[in-house]
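To start, the structure itself, in structure tokens.
Bear in mind that the values in this text are calculations on the coordinates, not laboratory data. Just so it is clear, the model here is predicted, and its values are computed rather than measured. Positions of Cβ are generated from backbone atoms using ideal geometry, with glycine treated the same way; all protein chains shown enter the neighbour counts.
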Amino acid sequence: MDRKVFGCFLLGVSVGVGIGMLVAPQTGEQMRGRVKAKADEGAEYLKQRGSALRDSATDLVGKGKQASTERRLDEEAGQRMSSEGGPNKATL
């Protein structure tokens with residue numbers, strides 16, 4: 001889904017810049033300034049999205065590590081119980 005959004009964003013920026021150049025004729029210096037401003041906006045957007053994706057990935061990795069640790073501890077507890085003869089009926 002994120003690739004689709006990113007692709008649409010780039011397409012929109014490209015089309016917008018192209019139409020802007022055709023519809024609003026300006027001097028070369030003015031046009032370069034506008035193109036640079038739009039490129040800077042796009043770069044800022046990409047930085048923000050990259051940061052958000054990095055944070056999301058870090059969070060998912062942390063959750064995965066936690067789930068893996070919990071599962072390993074559960075398996076170890078189960079193995080200990082089975083080697084000790086199972087749960088004591090008096091404690092149930």
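Quote the charge dipole size of the chain about the Cα centre in Debye, to the nearest 20; the model charges only the Cβ of Lys and Arg (+1) and of Asp and Glu (-1). It would help to have the intermediate numbers written out before the result.
Details: 15 positive and 12 negative charges, 53 e Å.
The calculation lands at about 260 debye.
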Discussion item. Name the residue from GLN48, PHE9, MET21 whose Cα lies farthest towards the positive end of the charge dipole of the chain, charges +1 on Cβ of Lys and Arg and -1 on Cβ of Asp and Glu.
Written reply: MET21
Worksheet entry | Pair ARG3, ARG49: separation of 7 Å Cα→Cβ label points (nm) | 1.3 nm
Discussion item. 7 Å from Cα along Cα→Cβ at both ARG72 and GLU41: what's the point-to-point distance in nm?
Written reply: 4.9 nm
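Hey, what number do you get for the chain at 222 nm if only DSSP H runs of n ≥ 4 count, each worth -39500 (n - 2.57), divided across all residues, to the nearest 500?
Working: 2 runs with 78 residues, N = 92.
About -31500 deg cm²/dmol.
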Item to complete: Compute the acute angle (0 to 90°) between the alpha-carbon long axis of helix 2-23 and the principal axis of greatest extent of the alpha-carbon atoms of the chain; round to the nearest 10°.
Response: 10 degrees
